[in-house]
Amino acid sequence: AQSVTQLDSQVPVFEEAPVELRCNYSSSVSVYLFWYVQYPNQGLQLLLKYLSGSTLVKGINGFEAEFNKSQTSFHLRKPSVHISDTAEYFCAVSGPRGGSQGNLIFGKGTKLSVKP
Amino acid sequence: NAGVTQTPKFRVLKTGQSMTLLCAQDMNHEYMYWYRQDPGMGLRLIHYSVGEGTTAKGEVPDGYNVSRLKKQNFLLGLESAAPSQTSVYFCASSQLRGGEQYFGPGTRLTVT
């Protein structure tokens, strides 16, 4: 069975500092990987996705993530955060398209708090 | 395009009451999903549908029923609400199985 672990439940950081949100997954098959962002009282919005190809994926709002198959990780990074990046971030994994493995499995989320 | 919409946005129920949450998408997606979000738990899949007329159980299906009579709509029903069903419910849709999902704004349900 697939699972996703987000290693930090909360990450406080000062404005303009770099940030890394960590995500590890477990799966015995090839995976697709996603990062979603949720602003307060809103739905989830896709930040970026890895389906295949280059292991460095660039997303919206200056975020990027690197797929590391050997370490089964998909960490999210931003070189300089803004106050507006304060939100909860979710890592998700899905497997091949058949059966329940095609469903997204979400991590428990990391709350990023950017302080002035 | 409106994307994925959910009604209602808020609802308060008494224990034992029933209700239906409506999800609609205008992207002609085949796959639709219902999740619940609880603090510190991430999103957990309740039920999903791989096409019109089909439904399947997810991770936490007990106490919920669903129907997909039309491709664009996915209904989530609670027959006898319990306080444990107090949560925020999200609907999502996708064109490809395992691919990017588009989320609605959510329904905040409180059961007293």
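Read the figures in this text as sums done on the coordinates, not as results from a lab. In this text, all values refer to a predicted model and were calculated from it rather than measured experimentally. Neighbour counts run over all protein chains shown; Cβ positions are idealised from the backbone, glycine included.
Take the Cα coordinates of the protein assembly as shown, assign each an equal point scatterer, and use the Debye formula without solvent to give log10 I(q)/I(0) at q = 0.12, 0.16 Å⁻¹.
-0.65, -1.12
How big is the Rg/Rh ratio for chain B, C-alpha atoms only, Rh by Kirkwood, two decimals?
With Rg and the Kirkwood Rh in hand, the quotient comes to 0.94.
Out of B:N1, A:S3, A:L51, whose Cα points farthest toward the positive end of the dipole of the protein assembly as shown (charges: +1 Lys, Arg; -1 Asp, Glu; placed on Cβ)?
In the protein assembly as shown, that residue is B:N1.
Taking only the alpha-carbon positions of the stretch A:47-100 and ignoring solvent, what does the Debye formula give for the base-10 log of I(q)/I(0) at q = 0.14, 0.16, 0.28 Å⁻¹?
Calculated log10 I(q)/I(0) at the listed q: -0.44, -0.56, -1.27.
Over chain B, what is the relative contact order in whole percent, taking alpha-carbon pairs under 8 Å and six or more residues apart?
Reported as a whole number, the value is 35 percent.
Using a Cα-Cα cut-off of under 12 Å, which aspartates and glutamates could be cross-linked to A:K58, ignoring same-chain neighbours fewer than 8 residues away?
A:E66
Compute the distance from the alpha-carbon center of the stretch B:1-59 to that of the stretch A:30-80, in whole Å.
Computed from Cα coordinates, the inter-centre distance equals 24 Å.
For chain B, set up a Gaussian network in which alpha carbons nearer than 10 Å are linked by springs, and say which option among B:A82, B:A24, B:A92 fluctuates the most.
Maximum fluctuation in the GNM of chain B, among the listed residues, is at B:A82.
The stretch B:39-87: Rg/Rh from Cα coordinates, Kirkwood Rh?
Radius of gyration over Kirkwood radius for the stretch B:39-87 works out to 1.00.
Which one, B:H29, B:P61, B:S87, projects farthest toward the positive side of the charge dipole computed for chain B from Cβ point charges (K/R +1, D/E -1)?
B:S87
Counting partner chain Cβ atoms within 10 Å of every residue's Cβ in B:94-106, what's the average?
Mean shielding count: 6.
Among the trypsin sites (Lys or Arg not before Pro) within the stretch B:10-61, which fall in a DSSP loop and have no more than 14 other Cβ atoms within 10 Å of their own Cβ?
Those that pass, being in a loop and sparsely packed, are B:K14.
So which lysines pass the test for B:K9, namely a Cα distance under 29 Å, with those fewer than 8 places away in the same chain ruled out?
The qualifying lysines are A:K49, A:K108, A:K111, B:K57, B:K70, B:K71.
Relative contact order, percent, of chain A when contacts are C-alpha pairs under 8 Å separated by at least 6 residues?
Once normalised by length, the contact order is 36 percent.
With all pairs of different alpha carbon atoms counted, what Kirkwood hydrodynamic radius in Å does the stretch A:1-104 show?
Evaluated over the stretch A:1-104, this radius sits at 14.2 Å.
Using only alpha-carbon positions, what ratio does the radius of gyration of the stretch B:61-112 give when scaled by 2.2 N^0.38 Å?
1.29
Where the only charges are on Cβ atoms (+1 Lys, Arg; -1 Asp, Glu), what is the dipole of chain A about its Cα centre, to the nearest 20 debye?
Charge dipole of chain A: 300 debye, to the nearest 20.
With the convex hull built on the Cα atoms of the stretch A:18-64, state its orientation-averaged projected area in nm².
Mean orientational projected area (the stretch A:18-64, Cα hull): 4.4 nm².
Mind checking the mean number of beta-carbon atoms from other chains within 10 Å of the Cβ atoms in B:36-47?
4
Please list, or write none, the lysines whose alpha carbon is within less than 24 Å of the alpha carbon of A:K115, excluding same-chain residues fewer than 8 places away.
By straight Cα distance, A:K115 reaches A:K78.
What net charge do the residues around B:M32 carry, taking every other residue with its C-beta under 12 Å from that of B:M32, with Lys and Arg at +1 and Asp and Glu at -1?
With Lys, Arg at +1 and Asp, Glu at -1, the neighbours total +2.
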